[in-house]
Each structure stands twice: as structure tokens, then as C-alpha cells.
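J.: Take a look at the following structure, please.
The values are calculated or read from the model by the stated rules, or taken from the named source; none is laboratory data. All of these numbers come straight from a predicted model, not from anything done at the bench. A quick note on method: Cβ atoms are made from the backbone with ideal geometry, for glycine too, and the neighbour counts reach across all protein chains shown. Remember, those area values only see protein heavy atoms, side chains included, never the ligands or the DNA or RNA. Shrake-Rupley method; radii C 1.70, N 1.55, O 1.52, S 1.80 Å.
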Amino acid sequence: MARRAGSADLPLHGGRVPAWLGERMTRLGAVISEAIVLEYGRDELLRRLAHPFWFQSLGAVMGMDWHSSGITTSVIGALKRGLPRELGLTVCGGRGRHSRKIPAELAAVGDRVGLDGAALGNASRLVAKVDSAAVQDGFDLYLHGFIVADDGHWVVVQQGMNGDRRQARRYHWLSEGLESFVDAPHAAIEGRGQGAIVNLTDRRAAASRHAQLELLRDLGPDGLAREAARLTAPAKPAPQPLLPHLVMPDHHDVRPDDVVTRRLHGALAAAAEQGPKDFADLLLVPGVGARTVRTLAMVAEVVHGAPCRFSDPARFSLALGGKDRHPFPVPTKVYDQTIQVLKTAVTKAKLGDDERLSAIKRLDDQARLLERRAGGPSVEAYIAEENARSHDYGGRSIFGWEQPPPREEAG
């Protein structure tokens, strides 16, 4: 899953996360991160955070608007609040004024663990400068999150806004494999074509970068400004390579085309077949039933899934819904039980008993096997069932608690 950088185009939407959901997102994001570090190591968590498809799926499975720009702020905030210190990871920065605290936060990290905080701060500034000045694609940066490990490895997640288009673009950077900040540092700049843009990080622009330095040296700043004013005919832009990209739709509801249905059916079948075998003890706990195991099957994929499995982030919103009732209200009882099961599994694994954590992994393994032949409800039917039972699951959204369906009058 390693890649130096990537990005995502998102509708400019999200709104504030209510406190009741923010607290749950903090706990769920932390325990998912702990499980990944326990199973695969700290560097793998950084690689995943640098993957725009996985990042979007993480936000969706945590109950945030599955398609919107608000995922970036809410996920970075949840991880900043929730990641336990023993993971050896620190989340710095955030949106607006929080991004301006990054130099001081990185200096504090450096003092605590023996890293060069000033060098980390310089890396943060360079990444921001590249995506705002060297790549001029019409998006103004307003969020910058810098996640650094105690060994100095880091990932940056930052986001820019294009107010005219009502879009946001999220950029991901990873220190692993990064050889230059200015010479092709991006594995991809992903998103809809915006027409001709300035991209001085393209390897084909090496001559341009060199020429600009030569001009600055020979003419000085004033002479360079005069020369720039004289050259009014722009050069024909080089054709841009076709790159993979994540572009989220404007529609707020989850539609069948947004979901790879066979993967959904595989997760549902794994929860039905494997759940009773591996979770017999858990199912004796009040409130932990088949619906919670179904969510665990989707969370298991976020922990263990290969990169190719995150091409449809909308599918992960079918685990715990969304704060604005899309695709359905957040089932708070299921959410709390999911956190409880994961936290218990991670805690036991730290003590050497990884039976429950292994059981969660077997859910993901089983889902991949079953999706080849499993059947199940349509996406519309799945969402309809969730909405019908929302009150039973403690359904809640920004509009309040879900009420029980009206009773039918006796004939």
C-alpha cells in the first residue's frame, strides 16, 4: 500500500461533528489504529493514512459523511484526540489556526523523543509550499495535519478548497520512499482535470525549475518581474498523464452504483457464518448480537484489507451509518458494542492473548472467500432495513434520536 502521495476530490460539505459522535469517532479511530499497529506495525498505519481511498473508507466506517470534505477534519481531529501515547505516534496541526501550531508541536515531539523538530517543521512547510505554490491547481490550503512517529517517519494529510467549484481536494504525503520534495514527489495528483495547471514538480518541468533559478541569479528579482511581464504568450501545456484518482460524487445518499455489492454480500455472509463460531462468548454479552458482528466484519476489512478493496468507500458507511441520516442514522448501541469488542480484543492481544483479535481477522478472511458466491439484499433493501430498525439500534443523527415506527391501527 506504500505510495508517496495521492489526493482526493470531495464535495465541500460536512458541517460540525456533534459531541456524541465525535467522542465515539475518537475511540473507534484509536482502537482501529491500535489493531493495525499490533498486526502490521506502525509504518503500515502511516502507509494507510497516506492512501486516499483507505482514508476515506476509515472516515466512512466511523460514521462521518461518507463522501464529503468533512471527513478530513473529523478523522484528523479524532486521531489527534484519541491515539494512545504508547503507539509512538503524534498528530500535529489540523484546520485553520491549529495548522499554525505545527512548528511548536513538532519541536515538542523532538524534545520528547530525540528527533530534530526543526527539520520536521521544515518538511511540513515544504509539503505545504509544494501543494500551494509549485502545484497551482485552484485549491487553497486550509488544513494541514502532520502525523509523526517516534522514529521520525511521517505522513501529511492536507486539504485545499476551491470555493467557486464547491470542492475540496485532499493531498496525502508519506516520508517513506520520498527522495525529493520538488522532483516528482507525488505518486499521483488525483482528481478531476482542472484544465491547464502549473505543476513544477513534474519531472518534465526540471528545465523550467532550472531556468527560473538562472533567471533569478542573472536578472535579480526586479529584472525577473519585468521579464515575466513581457512574456505574455503562455507555453502550450504538456499533456498530463492519466492517473488513478478518487473523485467522490456530489449526491448525499448512498446509491447501488457507489457500492461493490459482492463485497457487501461477502461481509454479511461472513458475519452470519463465521460470527457464531468465533464470537460465541461475545454473543452472550447483552447487546452484542448479529448486528454488531456485521459491523465488525466491515471494520475487520478496514484493519486487514488490501488497497484494491477500498475503491468504494460508500460501502463502509453501511457499517455505522452517518450523522446526517445518510445512508441511515448512526446505530449508537451497535457503535458502542463495536468499540467494546475491539477494545477488549486489542487489550487482550497486548497481554499475549490474541484469540479475539484473530477472530476478527478471520471475519475478513471469510468475507473474501464468501463474496465469490454469496447472495444478499440489494443496497436499497439493506438501507431500508436499517432505517426500519433504527430505533431499536439507538439510531441518532444531527436531527436527534430516531423515534419508533408508528403502530398500525387494529382493523
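J.: Using the Cβ atoms and a cut-off under 15 Å, what net charge is assigned to the surroundings of residue 366, where Lys and Arg are +1 and Asp and Glu are -1? Present the calculation step by step, with values, prior to reporting the outcome.
T.: Details: positive: 262, 263, 277, 294, 309, 361, 362, 368, 372, 373; negative: 273, 278, 301, 364, 365, 371.
My count for the surroundings of residue 366 gives +4.
J.: Something else now. Given R₀ = 51 Å, what would the calculated FRET efficiency be for residue 108 paired with residue 378, taking r from the Cβ atoms and rounding to 0.05?
T.: Numbers: r = 51 Å, r/R0 = 1.01.
The formula returns an efficiency of 0.50 here.
J.: Local charge sum around residue 403 (other residues, Cβ-Cβ under 14 Å, Lys/Arg +1, Asp/Glu -1)? Please report the intermediate quantities before stating the final value.
T.: On the way: positive: 325, 389, 396, 407; negative: 392, 402.
Taking every Cβ under 14 Å from that of residue 403, the sum is +2.
J.: How would you order 20-31, 369-380 from highest to lowest mean count of nearby Cβ atoms within 10 Å? Before the final figure, lay out the partial values.
T.: On the way: 20-31: 21.0, 369-380: 15.2.
Sorting 20-31, 369-380 by mean packing, highest first, produces 20-31, 369-380.
J.: Please give the net charge around residue 30, taking every other residue with its beta carbon less than 12 angstrom from that of residue 30, where Lys and Arg add +1 and Asp and Glu add -1. If you can, show how the numbers build up before the last one.
T.: Details: positive: 24, 27, 80, 81, 85, 343; negative: 23, 34, 86.
Counting the neighbours of residue 30, the net charge comes to +3.
J.: I would also like to ask the following. Quick one: which of 259-266, 354-361, 295-302 comes out on top by average Cβ neighbours within 10 Å, and what's the full order, highest first? It would help to have the intermediate numbers written out before the result.
T.: Working: 259-266: 19.9, 354-361: 18.1, 295-302: 25.9.
Final packing ranking: 295-302, 259-266, 354-361.
J.: Please give the solvent-accessible surface of residue 113 in Å², to the nearest 10, using a probe radius of 1.4 Å with every protein chain present.
T.: Counting only protein heavy atoms, the figure is 50 Å².
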